[in-house]
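Here is the structure we will look at.
Values quoted throughout were computed directly from the atomic coordinates according to the rules given, and no laboratory measurement underlies them. From a predicted model like this one, the values you see are computed outputs, not experimental measurements. Don't worry about glycine lacking a Cβ; one is built from the backbone with ideal geometry, like all the others, and counts go over all protein chains shown.
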Amino acid sequence: MDLTSDRQPFAFDNSYARELEGFYVPWQGSKAPKARIALFNAPLAEELGLTLDSSDPHLAEIFAGSDVADGSMPLAQAYAGHQFGGFSPQLGDGRALLLGEILDPSGDRFDIQLKGSGPTPFSRGGDGKAVLGPVLREYLMGEAMAALGVPTTRALAAVTTGEQVPREGLKPGAVLVRVAASHLRVGTFQFFAAQQQWDKLKVLADYAIARHDPALADADNPYLAFLAAVAERQARLVAKWMQVGFIHGVMNTDNMAISGETIDYGPCAFMDAYDPATVFSSIDHMGRYSYGNQPQVARWNLARFAETLVPVIDPDDEERTINLATDVIADFMPLYKKAFHEAMAAKIGMSALEEGDEALIDGFLGCLRGEAIDFTDAFRMLANTLTSDTSPLLTNCEDPEPLADWLGRWRSRLKREKRAPAQVAEAMNQINPLYIPRNHLVDEALMKAEDEADLGPFKDLLSVLDDPFTRRDGLDRYQGPAPSGFGPFVTYCGT
Ligand code: AMP
Ligand code: MG
């Protein structure tokens, strides 16, 4: 008898399965011909208080969805969603399974979910599978975002299934093991709202409040307060995306988490040269999800979320409820702008946002746009002007005058900081990353992994991105945009 199979790798709780009957289908993964753990996130496992043996073949089977761990009640969640503005009343986990929840050492609850574990009743003709490239992309992006301080779902492991999955040619099949504060989406609420199942919606909202905003259960109107809390989390999240130059790429309502975490990394990418119109995704023809549109899209998605809650906020007075919900949505942009400008002020060396700083920030971004300067490098080069006489920031400009003017205004503002320039520069370098997942490096690492089964470059990149702020010797190639000749970059959904 295989003793390892008696182990209990997880102490699963299953509140979703228990409390939300009718919101999911109990389901199991497909059998993987040869499950193997390709990557295991040991530091995350430790944070979560999990003692897992990544060399245990039984764990590989559990992570592939081939075997069910003791205490797990695997299920596919139902949800709907607006995709590129059009409503799909039924999406759901077409290739994902929630294994259950775990509690970390401080009692916080996390979902453990598989992505790519085989078809479910929500697959709508899809094969339910995922392939190694996109699985590794999500792994890497999530870890990079976490290191940058952006709320995000994270990868606990990536497993290869031993299967060849037809995509453009045959690709190695893989499963991502994902950890999230929850997988409740705007689209989860839309699923029941579209069916006018208000009782269910109330159960869902109560569950979400208990899980994410327990203090609000005692508010005058918990559902309205919950809407405001979700809006505030989203405003902060998108402000964080904007300050690191992240473009999600598919901000459909089914890809927006109630928890305020970044979720469902598909054709996402980091912007190089600063331009609000930047789009990388091959499927975003209209630029709906461009870098600069992200705040407006988040607001639009929240309005869809608000619509689902109106009947539970106050079923007896629809007009008043709509007004209250509209006020919450109207507060979104000011909240977002405040979060954005505070973060940007810090990026240019201010210890607090003062009057006039917003114009100063916008002025800098205008200069970056005019000269197509790399967004990430710009803030490191700016800090550099405080400690060095020459800076590539100015010398690379076609017309240096606007930026030289701006630097003059910036220096006079800095005089009020009452810190030595070197101190300001140091503070800036602690929050402005030097290393981000550059598109050409990500592509190179994924290609090596998928085509040559060589995970070396991927692991190297992952470890560089684990500490994005500290310059280290020998890492020059990880810094800066793609060398010229790389050509325009396009990301594919690559399911
Ligand atoms: P995504 O764009 O990956 O966030 O997925 C949107 C919807 O398509 C969700 O309902 C997914 O479960 C579903 N989906 C994506 N890829 C597949 C696949 N290969 N097989 C089945 N369903 C899928
Ligand atoms: Mg999705």
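For the chain, the longest principal axis of the alpha carbon atoms and the long axis of helix 375-384 meet at an angle near 40°.
The magnitude of the dipole of the stretch 294-453, with charges of +1 and -1 set on the Cβ of Lys/Arg and Asp/Glu and taken from the Cα centre, is near 840 debye. Put +1 on the Cβ of each Lys and Arg and -1 on the Cβ of each Asp and Glu in the chain; which of Val328, Gln83, Phe23 then has its Cα farthest toward the positive end of the dipole? About the Cα centre, the residue reaching furthest to the positive side is Gln83. The share of C-alpha pairs in the chain whose separation exceeds 33 Å stands at 41 percent. Rounded to the nearest 10 degrees, the angle from helix 357-371 to the longest Cα principal axis of the chain is 90 degrees. All other residues whose Cβ lies under 12 angstrom from that of Ala78 are scored, Lys and Arg at +1 and Asp and Glu at -1, for a net of -1. From the Cα gyration tensor of the stretch 187-340, with a ≥ b ≥ c the square roots of its eigenvalues, which class applies: rounded if a/c is under 1.5, or else prolate if a/b is larger than b/c, or else oblate? Judged from the Cα gyration tensor, the stretch 187-340 comes out prolate (a/c at least 1.5, a/b above b/c). With a/c under 1.5 counting as rounded, go ahead and sort the stretch 443-489 into rounded, prolate or oblate using the C-alpha gyration tensor (a ≥ b ≥ c being the square roots of the eigenvalues; past the cut-off, prolate if a/b is larger than b/c, else oblate). Oblate.
Working note: 222 nm ellipticity from helices only, DSSP H runs with n ≥ 4, each -39,500 (n - 2.57), summed and divided by the residues of the chain, gives -13000 deg cm²/dmol to the nearest 500. Proximity of backbone amide H atoms, modeled 1.01 Å from N, is registered between Ala174 and Ala130, Val131, Leu132, Thr161 at under 5 Å, excluding neighbours fewer than 5 places apart on the same chain.
Between the beta carbons of Glu47 and Val68, assuming R0 = 25 Å, the FRET efficiency works out to 0.50 to the nearest 0.05. Shape call for the stretch 15-183 from the C-alpha gyration tensor, a ≥ b ≥ c root eigenvalues: rounded (a/c under 1.5), prolate (a/b greater than b/c) or oblate? It is rounded, given that a/c, with a ≥ b ≥ c, falls under 1.5.
Label positions at Phe486 and Asp275, each projected 7 Å from the Cα along the C-beta direction, are separated by 1.5 nm.
Distances between placed amide hydrogens fall under 5 Å for Arg185 paired with Ile258, all partners being 5 or more residues away or on another chain. A Förster radius of 51 Å, combined with the Cβ-Cβ distance separating Arg409 from Lys31, puts the computed FRET efficiency at roughly 0.20. Remark: for residue pairs Lys34/Lys129; Lys240/Lys415; Lys34/Lys171; Lys115/Lys240; Lys337/Lys418; Lys129/Lys202, the C-alpha separation exceeds 22 Å in Lys240/Lys415; Lys115/Lys240; Lys337/Lys418; Lys129/Lys202. Centre-to-centre, using Cα atoms only, the stretch 100-141 and the stretch 417-459 are separated by 25 Å. Descending by average beta-carbon neighbour count within 10 Å, the peptides 258-264, 308-314 line up as 258-264, 308-314, the highest first. The angle between the Cα long axis of helix 439-452 and the main principal axis of the chain comes to about 40°, on a 0 to 90 degree scale. Among the trypsin sites (Lys or Arg not before Pro) in the stretch 386-441, those placed in a DSSP loop whose Cβ has at most 15 other Cβ atoms within 10 Å are Lys418, Arg419. Packing order of peptides 55-62, 13-20, highest average first: 55-62, 13-20 (average count of other Cβ atoms within 10 Å over each peptide's residues). Close amide H partners of Ala269, meaning residues 5 or more places away or on another chain with modelled amide H under 5 Å apart, are Ile247.
Fully extending the segment from Asp476 to Asn221 would add 86.4 nm, taking 0.36 nm per residue of separation and subtracting the current Cα-Cα distance.
For the stretch 157-252, GluC sites (Glu not before Pro) meeting the loop criterion (DSSP other than H, G, I, E, B) and having at most 16 other Cβ atoms within 10 Å: Glu168.
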